[in-house]
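Undergrad: The structure that follows is given in the form of structure tokens.
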Amino acid sequence: MRRISQTHELRSVPGQRLPSLRRISQPKYLILCYHRVGTEGIPYYCTLPVGQFEMQMRYLRNHCRVLSLGQLVDEMNNPNASASHAVAVTFDDGYSDLYHHALPILSKYEIPATVYLTADCIETGEVAWYDRIFLALQVARGDYFEVAIDNGLKLPLGSVQQRIESAARIVSILRKTPAVQRRDICALLEQQVSLPPEKLQGRMLSWQQIREMKSAGVFFGSHTLSHPVLSQLSLEEAERELRDSKTILEKNLHEPILDFAFPFGRSEDCGPFAYEAAARCGYRSAVTTTWGYNTAGANMHALRRVQLGEERTEASFALQLHHAFFRASDDVTASASVGPLPNTTGEVPTRDSVLARR
């Protein structure tokens with residue numbers, strides 16, 4: 001599939017049972033979305049063994065044209081039909097295991113990754129509100145957890161996986177809740193469960209670590225101040241999240257911050273004004289978590305990404321990667337909510353089911 005995906009794509013044809021194979025006329029650009037590299041502690045809903053991540057980066061270096069996000073954006077803005085497909089690597093949030101585990105691998109394989117930082121979390125060292133919910137349900141006692149939202153919920157805590165799924169249900173509800181109400185609910189939850197400080201310490205990148213990563217060739221973008229659901233904010237509040245996070249990052253890194261990642265990243269999380277707001281706030285690009293590749297002419301403030309971190313073998317990673325290139329753009333648009341092929345176990349990757357493409 002790797003060779004044919006460089007020159008052709010499969011396109012669904014109305015009225016025909018089988019898709020048709022057609023030659024492509026322009027390069028495709030795939031932006032991979034990761035969150036952490038590691039398996040211990042926060043974030044509980046997302047684990048990526050170090051060896052698995054290295055296998056994926058090794059495959060990219062050996063079999064793909066790897067660009068920095070800035071290079072990818074430049075090529076999309078200045079189309080060249082003779083260019084080949086390309087991949088860029090990005091990380092959301094700014095967890096500290098990127099410094100400890102990802103950086104050595106990125107350096108080893110010369111992968112020019114971009115990390116989108118949640119500015120307040122870097123400034124304070126505190127994890128975001130949804131991570132605190134996942135921690136609360138990991139340490140809560142008993143077989144069930146009762147919470148006064150959505151007409152009252154009684155959530156099972158019988159296993160680690162049940163605790164993750166119960167926390168994900170709370171987060172899913174709060175994503176659709178106005179920001180002020182969500183903050184009040186989070187405060188009440190933490191009155192029910194005392195969060196152990198040792199579980200919260202050192203989970204986010206420090207400015208010193210970020211500067212070292214920058215010196216080693218890692219790029220940085222903004223992921224707002226506090227990782228809110230932008231659609232639950234007023235336009236003024238949303239623009240403050242975009243603009244002030246940019247200012248904080250530029251002050252500490254002494255360089256323009258040109259790229260942005262929408263928190264959670266689905267269209268219902270961004271809201272109708274978010275893409276234009278990102279442009280007004282001075283970002284050259286903004287990425288979503290809508291599944292798929294990008295081509296020249298795409299909205300540079302609504303770029304698609306693909307999450308493949310769950311793929312445990314080189315074969316399954318390669319299959320998913322080249323399948324993402326192989327699909328036609330109209331098929332990607334029509335099935336953006338479907339995402340990738342099932343993995344080798346026959347199930348869609350569990351991380352997507354936990355937070356619905358955070």
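Undergrad: What is the Cα coordinate range of the range 1-148 on the first, second and third principal axes, sorted by size from largest, in whole angstrom?
TA: 57, 43, 29
Undergrad: How would 285, 172 line up from fewest to most surrounding beta-carbon atoms within 10 angstrom?
TA: 172, 285
Undergrad: Can you give the longest stretch of the chain with no exposed loop site, where a site means GluC sites (Glu not before Pro) in a DSSP loop (not H, G, I, E or B) with at most 10 other C-beta atoms within 10 Å?
TA: The longest such stretch corresponds to 111-346.
Undergrad: Turning to a different aspect of this structure: What translational D, rounded to a whole number of µm²/s, comes out for the range 128-199 from Stokes-Einstein when the hydrodynamic radius is the Kirkwood one over Cα pairs, at 10 °C and 1.306 mPa s?
TA: Roughly 130 µm²/s, to the nearest whole number.
Undergrad: Give me 186, 281, 270 sorted ascending by neighbouring Cβ count inside 10 Å, so fewest comes first.
TA: 186, 281, 270
Undergrad: While we're here: Going by how many other Cβ atoms sit within 10 Å of their own, how do 220, 53, 145, 273 line up, fewest first?
TA: By the 10 Å Cβ count, ascending, the order reads 273, 53, 145, 220.
Undergrad: Right, next: Would you report the distance distribution of C-alpha pairs in the chain as whole percents per 10 angstrom bin, up to the bin with the largest distance?
TA: 5, 25, 34, 25, 9, 2, 0
Undergrad: Are any of the pairs 154/176; 199/251; 154/246; 28/246; 108/176 more than 31 Å apart by Cα-Cα distance, and if so, which?
TA: Going by Cα-Cα distance, 154/246; 108/176 fall outside the 31 Å limit.
Each value in this text was obtained by applying a stated rule to the coordinates, not by laboratory testing. The structure presented is a predicted model; accordingly, all values stated were derived computationally and were not measured. Every residue, glycine among them, receives a Cβ derived from its backbone with ideal geometry; neighbour counts consider all protein chains shown.
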